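The values are calculated or read from the model by the stated rules, or taken from the named source; none is laboratory data. Keep in mind the model is a prediction, meaning the values are calculated, not measured. Using ideal geometry, Cβ is built from the backbone for each residue, glycine included, and neighbour counts are taken over all protein chains shown.
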Amino acid sequence: MLNLYISGSSTLGYSVHGLNMLKAFIENGTDTNITLIGQINIDQYYNKFLEAISSSVFDKNCPSLHIFHSNYSNQALGSPLVNFAVFETTQLQAMEFHHLQHTVDLIFTTTEDHKALIEENGITTPVHVIHEGADPKLYNTEPCTKYIDTGKFTYITAGKNELRKNTDTVIKAYIETSQLKDTALIAHTFDPFYQGKDLPWTNLKLENYGYKGVEENKKYLKFSNGVSDIYLTKYGIPVSSMKSLYRSANVGIFFSKAEGWNLGLMECMACGIPTIASNVIGHKEYLKDAPTVQKNLIIEPTGLEIADDGKWFKGDRGSWATLNKSDLYDLIEDVYESKEDYETPNNTLSTYYHNNFNWHIPAKKVRDILSV
């Protein structure tokens with residue numbers, strides 16, 4: 001049996017990761033027990049998988065996989081005890097280091113780059129790379145109704161509003177390249193932790209760029225300058241609707257400085273939506289062998305800078321990548337100039353992703369390593 005510790009709120013990335021691993025374990029017949037961490041708010045898409053293990057009994061003598069912050073791994077029991085270490089910068093915090101070195105028996109992490117950084121930080125606990133994935137039953141190119149039908153050539157960016165993800169840079173780049181073009185941007189960037197901002201989706205005042213609020217409904221707020229449009233999605237879109245959200249767009253934009261993983265990028269590609277993507281830690285291992293349609297949209301970093309956003313990162317966790325904004329501007333414009341190449345989802349990209357990064361692949365690797 002496998003004991004699985006995961007976040008109880010499926011609005012958070014850790015929970016989405018954990019729930020998809022749970023789903024894959026259940027589907028491949030792994031006897032699994034689950035311990036939910038924190039506030040419980042599970043999307044109904046996963047209910048049947050939670051119900052499937054409702055009778056399981058925790059056994060501290062069985063392997064335990066803790067898919068949550070490393071500095072909480074001392075709250076888990078299991079033999080062996082495994083933490084799925086996720087981080088975005090080059091330096092681990094003291095408590096992360098302590099628990100990864102002294103509390104857990106094994107470490108899983110998302111890419112070879114992350115494994116190398118763990119070892120460079122001086123940790124000697126064995127490390128295995130377990131890739132992230134996307135659910136091919138949900139994220140694919142099969143016909144669906146668009147969540148937002150913009151009626152225009154459309155870009156999408158996803159992930160909570162923060163400096164690390166360059167949210168404001170992406171929105172401003174769209175405005176400055178596309179404000180006089182018949183286009184739209186969907187910003188799925190609501191920050192559930194925001195405090196005191198006018199808009200939790202962005203720190204930019206869209207009115208200052210000529211975009212006025214023209215529509216609000218249960219799905220989005222729409223801003224427009226009369227030519228191009230920006231849609232800010234409402235918080236809490238059901239998991240079952242995420243495919244139709246991504247498929248509302250022709251091209252994704254993910255210009256992060258660093259990632260532990262990036263579910264939005266993965267899910268877009270699994271839907272056949274090519275993405276303008278920075279070739280940074282947490283991205284590049286999922287991009288390097290992608291089909292040409294995706295490789296043509298990769299932006300190389302220009303160097304490193306101290307990771308400091310004054311909120312989540314305060315200069316004491318190492319570095320993340322620097323990126324050239326002009327590369328982003330150029331690709332946004334290039335994509336529009338060849339927009340006929342992005343009119344429909346790309347089946348080759350979707351198939352590549354399903355074959356290499358669906359959740360059953362990491363679930364099998366976990367089973368093999370832990371002999372469950």
Does the range 70-85 include one or more residues that are touching a Lys or Arg at 6+ places or on another chain (Cβ under 8 Å), among the hydrophobic types (A, V, I, L, M, F, W, C) and modelled with pLDDT of 90 or more?
yes
Within the set of pairs 6+ apart or on separate chains, which have a first residue in the range 173-196 that is over 21 Å from Met242 (Cβ atoms) and of a type in the set (Lys, Arg), a second that is modelled with pLDDT of 95 or more and assigned to a strand (DSSP E or B), and C-beta atoms under 8 Å apart?
Lys181/Phe153
Out of Ala307, Ala258, report the one residue that is touching a Ser or Thr at 6+ places or on another chain (Cβ under 8 Å), in a loop (DSSP other than H, G, I, E, B) and of a type in the set (A, V, I, L, M).
Ala258
Among the aliphatic types (A, V, I, L, M) and closer than 15 Å to Met1 by Cα, is that true of Leu100?
no
Regarding the range 285-295, can at least one residue be identified that is of a type in the set (Asp, Glu), under 24 Å from Val214 (Cα atoms) and either assigned to a helix (DSSP H, G or I) or assigned by TED's automatic domain parsing to the domain that holds Ile175 (or both)?
no
Of the numbered conditions (1) under 24 Å from Phe357 (Cβ atoms); (2) assigned by TED's automatic domain parsing to the domain that holds Ser326; (3) not in a helix (DSSP H, G or I), Val170 satisfies every one except a single condition; which is it?
(3)
Here the residues within the range 134-151 that are hydrophobic (A, V, I, L, M, F, W, C), in a loop (DSSP other than H, G, I, E, B) and either in contact with a helix residue (DSSP H, G or I) (Cβ under 6 Å, 6 or more places away or on another chain) or surrounded by fewer than 17 Cβ atoms within 10 Å (Cβ to Cβ) (or both) are Leu138, Cys144
Residues located in the range 111-133, provided they are in contact (Cβ under 8 Å) with a residue 40 or more places away in the chain, farther than 15 Å from Leu370 by Cβ and either acidic (Asp, Glu) or part of a loop (DSSP other than H, G, I, E, B) (or both):
Thr111, Glu112, Asp113, His131, Glu132, Gly133
Could you count how many residues in the range 87-114 are closer than 22 Å to Tyr286 by Cβ, buried (at least 16 other Cβ atoms within 10 Å of the Cβ) and of a type outside the set (Phe, Trp, Tyr)?
9
Can you tell me which residues in the range 78-110 are touching a residue at least 40 places away in the same chain (Cβ under 8 Å) and more than 26 Å from the chain's Cα centre (by Cα)?
Gly78, Pro80
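Here is a yes/no grid of residues against (1) surrounded by fewer than 21 Cβ atoms within 10 Å (Cβ to Cβ); (2) assigned to a helix (DSSP H, G or I):
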| site | (1), (2) |
| --- | --- |
| Leu328 | no, yes |
| Val335 | no, yes |
| Thr344 | yes, no |
| Ser350 | no, yes |
| Asn355 | yes, yes |
| Pro362 | no, yes |
State which residue is surrounded by the most Cβ atoms within 10 Å (Cβ to Cβ) when the search covers only the range 284-319 and only residues that are in contact with a helix residue (DSSP H, G or I) (Cβ under 9 Å, 6 or more places away or on another chain) and polar (S, T, N, Q).
Gln294
Just to verify a result, which residue in the range 27-47, among those that are part of a loop (DSSP other than H, G, I, E, B) and in contact (Cβ under 8 Å) with a residue 60 or more places away in the chain, is farthest from Ser79 (Cα to Cα)?
Asp43
Only one of these conditions is not met by Arg164: (1) basic (Lys, Arg); (2) more than 25 Å from Lys311 (Cβ to Cβ); (3) surrounded by 16 or more Cβ atoms within 10 Å (Cβ to Cβ). Which number is it?
(2)
